[in-house]
1. Count, please, the residues in the stretch 122-165 that happen to be open to solvent by 10 Å² or more (accessible area, probe 1.4 Å), charged (D, E, K, R) and assigned to a strand (DSSP E or B).
2. So in the stretch 166-193, with the set limited to residues that are crowded, with 18+ Cβ neighbours inside 10 Å and among the small types (G, A, S), which one is farthest from S152 (Cα to Cα)?
3. Within the bounds of the stretch 169-184, is there any residue that is touching a residue at least 24 places away in the same chain (Cβ under 8 Å) and more than 18 Å from the chain's Cα centre (by Cα)?
4. Among (1) modelled with pLDDT of 95 or more; (2) over 15 Å from L35 (Cβ atoms), which single condition is D236 missing?
5. Taking the stretch 242-252, which residues are surrounded by fewer than 21 Cβ atoms within 10 Å (Cβ to Cβ) and either at pLDDT 95 or above or part of a loop (DSSP other than H, G, I, E, B) (or both)?
6. Scan the stretch 87-94 and give yes if some residue there is farther than 15 Å from G50 by Cα, of a type in the set (F, W, Y), at pLDDT 90 or above and surrounded by fewer than 21 Cβ atoms within 10 Å (Cβ to Cβ), otherwise no.
7. What is the residue count in the stretch 1-21 for residues that are assigned to a loop (DSSP other than H, G, I, E, B), touching a helix residue (DSSP H, G or I) at 6+ places or on another chain (Cβ under 6 Å) and surrounded by 23 or more Cβ atoms within 10 Å (Cβ to Cβ)?
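The values are calculated or read from the model by the stated rules, or taken from the named source; none is laboratory data. Everything numeric in this text was worked out from a predicted model, so none of it was measured. Note that we place each Cβ from the backbone using ideal geometry, even for glycine, and neighbour counts take in every protein chain shown. Each accessible area value is taken on the protein alone, full model and side chains, heavy atoms only, with ligands, DNA and RNA left out. Shrake-Rupley method; radii C 1.70, N 1.55, O 1.52, S 1.80 Å.
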Amino acid sequence: MTTVSGPRIGVALGGGAARGLSHIPFIEAMDELGLKPSLIAGTSIGAFIGAGWAAGMPGYEIREHALDVLGSVRALSSRLWRTQVYDLREMFQDGISMQFDAFRVLGSFAPYPFPRRFRELNIPLRIIATDFHNWEQAVFNSGRLDKALAASIAIPSLFKPVINDGRLLVDGGVVNPLPLNHASDNMDIVIGIDVNGDPINSDASACPSTVDIGMGMAQIMMHRMTAQMIGAYPPDVYIKPDVRLFGAYEFWRVREILEAGDALKDRFKYQLSDKVDQFIAGQERSFEAV
């Protein structure tokens, strides 16, 4: 006797700093549809949120945790300050530096308890970082989860680079902002969630800050690479919440960013349900033909 099985679903969660909080409503949508991914591939904040999902956190718990730790400027600032300096010797060790330590930031903002190794996860996860010296992707799916996550979120200049297995690593968005190639591996349905944002109309005479210029250049680069990735590995379901008005570091606007994802949640559920129905109907036709 033959039976119809559900599709293997791969999900690519893109990078976009604070804008990546808009991933959460789509995780909730899959929960509400009773669907679980067979594989998650994440870059930067997509890796961080994807790790919580892979560890077994439902979408609503991820939302509650984000609101709890990011819901005000005071709460966010307090947590960041506690991660920054332990003593004066450390501050001056490599010259005065305002770069954050990605390990400490993870420890401060991740839910407790949080898995330290990939083998503790419920769903296979691939995390994308960038090998700074070799100019190539570093892909992690085994070993130390915390090291891989720290490397993937290590935005250049904001975070110190991370050393793992003898490699100097920085943010995965430098080389692969939407890892569809990894999410597509032997999957029946592939989902791409792009949170990089789009250009905004602004006063051409206004001079942006150095940080804004740096992040803007990164967004332009990520936009181009994402377009190339979509062309090479077209997803079955592609969603791009409107997060253009949110600054890359405006994590305290978590409620507004979540609302940007909420606005597309029903559309996402409809598109995904349609793809699942098509897959099941195709299986049934194949069985009837046997």
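1. Result for the stretch 122-165: 3.
2. Ranking the candidates gives S184 first.
3. No, there is no match, as no residue in the stretch 169-184 is touching a residue at least 24 places away in the same chain (Cβ under 8 Å) and more than 18 Å from the chain's Cα centre (by Cα).
4. Condition not satisfied by D236: (2).
5. Scanning the stretch 242-252 gives D242, R244, L245, G247, Y249, E250.
6. no
7. Residues that pass the stated criteria total 2.
Results for (1) under 22 Å from N134 (Cβ atoms); (2) at pLDDT below 90, shown as yes or no for each residue.
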site: I163; (1), (2): yes, no
site: R167; (1), (2): yes, no
site: V170; (1), (2): yes, no
site: V174; (1), (2): yes, no
site: G192; (1), (2): no, no
site: P199; (1), (2): no, yes
